[in-house]
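Student: First, the structure itself, so that you have it in front of you.
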Amino acid sequence: MTTRSKVMAFAGFGLAAAVGISGCGSSSDSAEGESGSGTSAGTPKEKVSAAFQSLNNSSSAGFTLKLDSSAADLEKISAAQDSSEQMDASDKKTIEEILKGKVTMNVTAPEGKTFADAAKAQASASSEDLLKDPAAFEAALKNSGSVATSVVYEDAGLVEFVSKDGVFYLRADADKIATLSGQNLSSVTGSLGALPPVIATPAEKLLGGEWVSLDLVKTMNILDKNGLLDQLSQEQGTAASAAAVDPAKVQKLVTSLQASYEADSQVTEVDGGYQVSVPYEKTADAINDDLVALVGADEVADLRKELKEAPNENLTFTVRVDGDKLSGINIDLKQFLKKPVEDATFAIDLAVDAESSEVQVPSGATAVDIEGLFNLIPADSLAGLTSGSGL
C-alpha cells in the first residue's frame, strides 16, 4: 500500500505535535498561574494545557503505545482505497503482527526532581566533554533519571530494557524472536561452548531469557584506567557530537510547538476528552527552522512535501484527561487516507499513567564482566589501541 509511508509520516508529525505541547506553560509564569495547577483552567484549551502541565510537574509516569485497529477493519479500509494503494499480502501480515504488540515505557525523573526540572537541566547541559571525564559521564547518567521499556508481543515481553544510575539491563525472549524471524537458535547456542566464559556466560543467560546487565560507568572507568578514554574521545568525539541530539535544540523545538499550539490550535470538548485541531502549514512553518537545526534541511524538505499532500488542512487528535491529569492521546489515522472508512478503527493510541510507580531495576541480572573482557585483549594490541595505531 503506497499510502502507508505517507500515513506514517503524518502520524509521526501528529504524535510529535501532540507530545510536543506537553511542555505548554512549563516555562511561562502566566501559564503556570492560569492552568499549572489544573484547578483554575476554564476553556478546553486551558484544560488540555493544565493536564500536560500536571504531567510535567510529576516525577514518574507510564506510557503504552499501540496501533488500535483489527484485521477486519484494515481489510475494510484497504478495500476502499484505489487498487494501487491497497494492502498486499505482505502488508497484511506485517500489520497483523503489529496489532498483536505494543510498547510500554515507565519513566522516573532524577530523585527530588520533576520532569520539567530534568528537561531544563538537560537543555542547559553540554555533552561535549563527557567522553573525556568519567566523573562527568557518571553524573550525567545518574542525573538522567531511569527508564524501563518493553516491546510486548501477545501480552508477553519480547524485549525488555531498563536503565538506571548508569547501569543498563536487557532481557529478550530469544526463542520467540527466532520463531518470528524464521531462524533457529540451535546453531547459535551450540557454538557458545567454544567461547571464553566471560563471553559465553552472559550470552547463554540472554539467549535463555534471563536478565543481563552492563555497567557503563564501570566501563568508562576501565577505559580511563587503560589509557583508552583519551584515544576514544579524540576518534569518536567529533562523530559523537555530530550524531548526538542537542537538548537545547530539542527544547527550542518544543518551545516553538508550544507557541504555535497556543496561537493556532483549536480545542473543543468531545466524548472521551478534548479534540485538538492543529493546522499543518502554520505548525510546520513555526517549527521549520528548529527541525532543520535538529535533522537537516533535506529531511525537513521531504517532510514538508509529504505534509502538503495531506488530505486535510488540519491535523486532529484527541486528548484524554482524567480529572486534571493527562491519561492519553489518540490520533485517528483515517484522516490521512484519501478514502477514509467511517465505520472502521485505525488509530495510534498513547495511554498515559500519570501515577505510575517508580522504575525498579530487575534483580538477579548477570553482569557483563567488563574487566574480564579487557583481559582477553593481548597486551600488545591494547598498547596499539592506546597509541592510536589500532589492532
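Student: Would you say Glu342 is at pLDDT below 95, open to solvent by 60 Å² or more (accessible area, probe 1.4 Å), under 30 Å from Lys142 (Cβ atoms) and not small (Gly, Ala, Ser)?
Tutor: When the stated conditions are applied, Glu342 does not pass them.
Student: Another question, then. Return the residues of segment 346-370 that are touching a helix residue (DSSP H, G or I) at 6+ places or on another chain (Cβ under 9 Å) and open to solvent by 60 Å² or more (accessible area, probe 1.4 Å); say none if nothing qualifies.
Tutor: Within segment 346-370, Ala367, Asp369 meet the criteria.
Student: Same structure again: Would you tally the residues in segment 336-357 being over 18 Å from the mean Cα position of the chain (by Cα) and either farther than 22 Å from Glu306 by Cβ or in a loop (DSSP other than H, G, I, E, B) (or both)?
Tutor: Qualifying residue count, segment 336-357: 11.
Listed here are the residues, each with its yes/no results for (1) of a type outside the set (Val, Ile, Thr); (2) crowded, with 16+ Cβ neighbours inside 10 Å; (3) over 22 Å from the mean Cα position of the chain (by Cα).
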position: Val276; (1), (2), (3): no, yes, yes
position: Pro279; (1), (2), (3): yes, yes, yes
position: Asn288; (1), (2), (3): yes, yes, no
position: Val295; (1), (2), (3): no, no, no
position: Glu299; (1), (2), (3): yes, no, no
position: Ala310; (1), (2), (3): yes, yes, yes
position: Arg320; (1), (2), (3): yes, yes, no
position: Leu326; (1), (2), (3): yes, yes, no
position: Asp332; (1), (2), (3): yes, yes, no
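Student: Still on this structure, please answer the following. When the residues of segment 150-182 are narrowed to those that are over 18 Å from Ser363 (Cβ atoms) and among the β-branched types (Val, Ile, Thr), which ends up most open to solvent (accessible area, probe 1.4 Å)?
Tutor: Applying the filter and picking the extreme gives Thr179.
Student: When the residues of segment 147-175 are narrowed to those that are part of a loop (DSSP other than H, G, I, E, B) and farther than 17 Å from Leu223 by Cα, which ends up modelled with the highest pLDDT?
Tutor: For segment 147-175, the residue satisfying everything is Asp173.
Student: Determine whether Val267 is buried (at least 17 other Cβ atoms within 10 Å of the Cβ), under 26 Å from Ala61 (Cα atoms) and at pLDDT below 90.
Tutor: In short, no.
Student: Then there is this: Which ranges mark the helices (runs of 4 or more DSSP H) fully within segment 41-146 that have 2 or more residues being crowded, with 17+ Cβ neighbours inside 10 Å and modelled with pLDDT of 90 or more?
Tutor: Because the criterion is at least 2 residues that are crowded, with 17+ Cβ neighbours inside 10 Å and modelled with pLDDT of 90 or more, the helices (runs of 4 or more DSSP H) in segment 41-146 that meet it are 44-56, 71-80.
Student: Also, I was wondering about something else. Looking at segment 183-209 only, could you name the residues that are within 20 Å of Leu376 (Cβ to Cβ) and exposed (fewer than 11 other Cβ atoms within 10 Å of the Cβ)?
Tutor: Within segment 183-209, Gly193, Ala194 meet the criteria.
Student: Can I ask one more? Suppose the filter is over 30 Å from Asp173 (Cα atoms), open to solvent by less than 80 Å² (accessible area, probe 1.4 Å) and at pLDDT 85 or above; does Ser260 pass it?
Tutor: So Ser260 passes the test.
The values are calculated or read from the model by the stated rules, or taken from the named source; none is laboratory data. A quick note: this is a predicted structure, and the numbers were derived from the prediction, not measured. With ideal geometry, Cβ positions are generated from the backbone for all residues, glycine too; neighbour counts draw on all protein chains shown. Ligands, DNA and RNA are excluded from the accessible area calculation, which covers all protein heavy atoms including side chains. Shrake-Rupley method; radii C 1.70, N 1.55, O 1.52, S 1.80 Å.
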